[in-house]
Protein chains: 2
Amino acid sequence: MTETAIDATMASVPQPRRSRRHRVVIVGGGFGGLAAAKALRDDPVDVTLIDRRNHHLFQPLLYQVATAGLNPADIATPIRSSLRKCANVSVRLGEVVRIDDRAVVLADGTQIEFDHLVVATGVRHSYFGHDDWEQLAPGLKSIEDALEIRRRVLLAFEIAERTDDPTERDEHLNFVVVGGGPTGVELAGAIAEIATRAMSRDFRSIDPSSARVILVEGADRVLGAYTPDLAESARRQLERLGVEVRLDTLVDGIDERGVDTNNGRIDARTVLWSAGVQASPLGAATGAELDRAGRVVVDEALAVPGRPNVFVIGDLAHARWGGEQVPGVAQGAIQGGTHAAACIRADLAGRARPVFRYTNKGELATIGRSSAVGVIGKVKLRGWLAWMAWWMIHILFLINFRSRLVVLFSWAWSYVTFQRGSRLITSAWRPGTDRASGTSEPSR
Amino acid sequence: MTETAIDATMASVPQPRRSRRHRVVIVGGGFGGLAAAKALRDDPVDVTLIDRRNHHLFQPLLYQVATAGLNPADIATPIRSSLRKCANVSVRLGEVVRIDDRAVVLADGTQIEFDHLVVATGVRHSYFGHDDWEQLAPGLKSIEDALEIRRRVLLAFEIAERTDDPTERDEHLNFVVVGGGPTGVELAGAIAEIATRAMSRDFRSIDPSSARVILVEGADRVLGAYTPDLAESARRQLERLGVEVRLDTLVDGIDERGVDTNNGRIDARTVLWSAGVQASPLGAATGAELDRAGRVVVDEALAVPGRPNVFVIGDLAHARWGGEQVPGVAQGAIQGGTHAAACIRADLAGRARPVFRYTNKGELATIGRSSAVGVIGKVKLRGWLAWMAWWMIHILFLINFRSRLVVLFSWAWSYVTFQRGSRLITSAWRPGTDRASGTSEPSR
């Protein structure tokens, strides 16, 4: 297999002509795309990185923005700044809608030619065909998502405060999080913490700590990717934070006043979605075979079978190593990006491509104040220790130094004061917002 | 006059009945409203503070959010948190649309009764009847405005970077700020600084420092509120920062590609508005006499003539002291709020109301890096010294301690590194934003 892969490579990858430099196009400025661009920094190639956003988002801390713990800018840096030192990389704001044989096509029709292409556009949330649920139960993938969730959560308490009808008040103080994966667990834990701590003394007619946070999971445990004992520990830690965990519970319907499940109705005005992801539509545009979640099944060099000059990395790739699928986590994407760069280098030198090896440095999932679970090497961590490790690692990996300081500060601050720094309800700008009551009702 | 005022007061202000506590309603959570609420903290009254927003906004630093220097949350705090220690104050999110004899009416129809009312809803920008300009040239009053301006300014560089047509590129690199008051001067100075410093090394096909920032002012000098020599110094400092100052220039028209003035056309894709303000519509709802800008002409106790239990304070009030109109600045609003509280206290005690005295502690206007002008006491300040003073004072006045630290840090950081911490282009949330190219074109 390796042999044939190499043959295919040598056959169809054009050798660089002296006339112009070899062109590498990278689509997506996430962990994978940035890693690939940086790895090519000193190679004789012209790199163009294309992203719909001007910023790289540090996804693992996004839930903190959604729960008023951090500012958007604390976890997002302009892609340009991150790549400033890479003189051979130019950054382009735009959305790729098509992949041709030797060029990508942007939404505005522009063609950008490539000799090698690296696709790293990740995944977005999936509503399993119920796209109408998105309006009722936003997911958490972008800064906009996070700000919308923050708006809805904070607004719920405001509305409850001014409502006289007790039933309605309770509905506004009920929060349902659908999906018990890492994001769902983080959201549920953080909302429970806001209610019981950050806002407890701020209201007069309601007691925020009477809010209910219900985490709904279809499987028989949360954090399915972890071992049963860690998952069980996570459930206990969630309940200690005041989260009601409902396992083996599937959502049949969502409306503006609650959720219908196989275990009955849950009344709640705020429903958040973290139940599933599907690959970015650009995966299909590679013409490759897709797995059930729409991920691109790549070869052992992370290239598209039959298109050796097109790599797919990160969450969008279905890559296998040691018989297992490489998990859709930051370290997988970063390793994939570096690997794709190594393969491009090999092609240019006429060497054989290396085979992708995934190194799992460990996994940690945070749950809330002093609560987390995880594995580092062979060591299982729980509670405060896991939580400490989680923060240390994530702050270390935060891309720019300034953010590291700010996040460390914000985090230490709320740890000491129980307060949250970003409790802002803002809405979409439109002329006259300053006199509209745009922020006084949820946009539904 | 004082005498009659007092008689009127005694006649129509109901003495507190034992049955219930005296009810004070404050509309607006700005500097004036907060000051009034805090001043009433230990009085035997029930205070309800109503605002459309959940947060108090530290207006003087808003231009820093608009120019990517600060995060929204750095300059905004939840009104609830600021008033947490005031047990007799309850905060209510809502928009007052009508003022009846003894009650205010919210947009949702709710009535909230008062014995004393304090109206402090401030001003918003005025387009002198050209409301269609607002879409083309946003003003700077709210967090939403600031984020929209930030989005347009940062996007302009992104679009210029990917444009091949040189004319169009230049249009995108031209920024027009209409109005040479404090806000206009701050915006123009900050944009020039971003272009020449923060982004200079981030682009490949454009040179951000080739951007032009044009400040258009109708009068014969900027900062009309200051003495001619300080205004002249401000103009020189602006030009040193690279801003083109066009005085005696009136805007006749604005379209998507530029501005028409009595001194000719200026091509620019980004136009910002800080040319004028008009009072919040709630001023008219008091039924009082209004001045040309729609401000409520109040008596020497800051009450509405003929409605002694209704006070108007802050930017919304046209108050006079020592033959001069009290300027629409934070210190005027704060002093007004404290004064209104003192009058309410006097009414309850059956004492005569104090007369409002405005104490001007000095004025400072910042222009940009190491550039500012101002007067403290009798001392005129220019340049670095004025700028230092400006920052010290504003950080001192920033409402909560956490923000003080963060702002001080962000500021010191960008002073040392020339970088800006919040260079995010985000757009309004809507389902599917994560796959829409919502951020790749200005919303026009």
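Take the conditions within 14 Å of another protein chain (Cβ to nearest Cβ) and either over 15 Å from residue A:344 (Cα atoms) or surrounded by 24 or more Cβ atoms within 10 Å (Cβ to Cβ) (or both) and apply them to residue A:31. Does it pass?
No, not satisfied.
Considering (1) of a type outside the set (Phe, Trp, Tyr); (2) surrounded by fewer than 21 Cβ atoms within 10 Å (Cβ to Cβ); (3) farther than 21 Å from residue B:134 by Cα, say which one residue B:308 fails and leave the rest.
Single failed check for residue B:308: (2).
Does the range A:45-60 hold any residues that are more than 7 Å from chain B (Cβ to nearest Cβ) and farther than 22 Å from residue A:111 by Cβ, and which are they?
Those that are more than 7 Å from chain B (Cβ to nearest Cβ) and farther than 22 Å from residue A:111 by Cβ: A:56, A:57, A:58, A:59, A:60.
Which residues, taken from the range A:116-161, are assigned to a loop (DSSP other than H, G, I, E, B), at the interface with chain B (Cβ under 7 Å from one of its Cβ atoms) and surrounded by fewer than 23 Cβ atoms within 10 Å (Cβ to Cβ)?
Across the range A:116-161, the qualifying residue is only A:141.
Please go through the range B:215-226 and pick out each residue that is surrounded by fewer than 20 Cβ atoms within 10 Å (Cβ to Cβ) and either over 22 Å from the mean Cα position of the chain (by Cα) or within 19 Å of residue B:269 (Cα to Cα) (or both).
Listed by number, the list holds a single entry, B:220.
For the range A:210-295, list the strands (runs of 3 or more DSSP E) that sit wholly inside it and hold at least 2 residues that are of a type in the set (D, E, K, R); which are they?
In the range A:210-295, the matching strands (runs of 3 or more DSSP E) lie at A:243-246, A:251-255, A:264-267.
Tell me which residues, restricted to the range B:85-101, are open to solvent by 50 Å² or more (accessible area, probe 1.4 Å) and either facing chain A (nearest Cβ under 8 Å) or over 22 Å from residue A:194 (Cα atoms) (or both).
Correct list: B:97, B:98, B:101.
Considering only residues that are open to solvent by 20 Å² or more (accessible area, probe 1.4 Å) and of a type in the set (Gly, Ala, Ser), look in the range A:102-115 and name the one that is farthest from the other protein chains (Cβ to nearest Cβ).
The selected residue is A:109.
Kindly indicate whether residue B:165 is farther than 24 Å from residue A:73 by Cα and either crowded, with 23+ Cβ neighbours inside 10 Å or more than 16 Å from the chain's Cα centre (by Cα) (or both).
Yes, satisfied.
Go through the range B:61-72 and give me each residue that's of a type in the set (Gly, Ala, Ser) and within 9 Å of chain A (Cβ to nearest Cβ).
Within the range B:61-72, just B:68 meets the criteria.
Could you tell me how many of the residues in the range A:345-377 are among the polar types (S, T, N, Q) and within 17 Å of residue A:335 (Cβ to Cβ)?
Qualifying residue count, the range A:345-377: 2.
Determine the pairs where a residue that is β-branched (Val, Ile, Thr), located within the range B:169-187, has a partner that is not in a strand (DSSP E or B) with Cβ atoms under 6 Å apart, the partner being 6 or more residues away or on another chain.
The qualifying pairs are B:176/B:268; B:177/B:184; B:177/B:187; B:177/B:188; B:178/B:275; B:183/B:140; B:183/B:274; B:185/B:222.
What are the residue pairs meeting all of these: first residue in the range B:351-372, first residue part of a loop (DSSP other than H, G, I, E, B), second residue aromatic (Phe, Trp, Tyr) and open to solvent by 20 Å² or more (accessible area, probe 1.4 Å), Cβ atoms under 8 Å, and 6 or more apart or on different chains?
Correct list of pairs: B:356/B:321; B:357/B:321; B:358/B:321; B:369/B:415; B:370/B:384.
Provide a single number: the residues in the range B:238-248 that are open to solvent by less than 10 Å² (accessible area, probe 1.4 Å) and in contact with a Ser or Thr (Cβ under 9 Å, 6 or more places away or on another chain).
1
If I filter the range A:249-278 down to residues being among the polar types (S, T, N, Q) and open to solvent by less than 40 Å² (accessible area, probe 1.4 Å), which single residue comes out as farthest from the chain's Cα centre (by Cα)?
A:261
For residue B:265, are the conditions met, namely being modelled with pLDDT of 95 or more and basic (Lys, Arg)?
Against the criterion (modelled with pLDDT of 95 or more and basic (Lys, Arg)), residue B:265 qualifies.
Specify which of the listed residues (B:336, B:323, B:283) is open to solvent by 10 Å² or more (accessible area, probe 1.4 Å) and small (Gly, Ala, Ser).
B:323
Sort out which residues of the range A:172-206 are surrounded by fewer than 21 Cβ atoms within 10 Å (Cβ to Cβ) and more than 14 Å from chain B (Cβ to nearest Cβ), and write them in order of number.
A:181, A:196, listed by residue number.
Give the residues of the range B:73-84 that are surrounded by fewer than 24 Cβ atoms within 10 Å (Cβ to Cβ) and facing chain A (nearest Cβ under 7 Å), sorted by residue number.
Of everything in the range B:73-84, those that are surrounded by fewer than 24 Cβ atoms within 10 Å (Cβ to Cβ) and facing chain A (nearest Cβ under 7 Å) turn out to be B:81, B:84.
Please work out which residue is modelled with the lowest pLDDT, limiting yourself to the range B:363-388 and to residues that are open to solvent by less than 20 Å² (accessible area, probe 1.4 Å) and within 20 Å of the chain's Cα centre (by Cα).
Looking at residues that are open to solvent by less than 20 Å² (accessible area, probe 1.4 Å) and within 20 Å of the chain's Cα centre (by Cα), I get B:368.
The values are calculated or read from the model by the stated rules, or taken from the named source; none is laboratory data. Treat the numbers as computed from the prediction; the structure is a model and nothing was measured. Neighbour counts run over all protein chains shown; Cβ positions are idealised from the backbone, glycine included. With ligands, DNA and RNA removed, areas are computed over all heavy atoms of the protein, side chains included. Shrake-Rupley method; radii C 1.70, N 1.55, O 1.52, S 1.80 Å.
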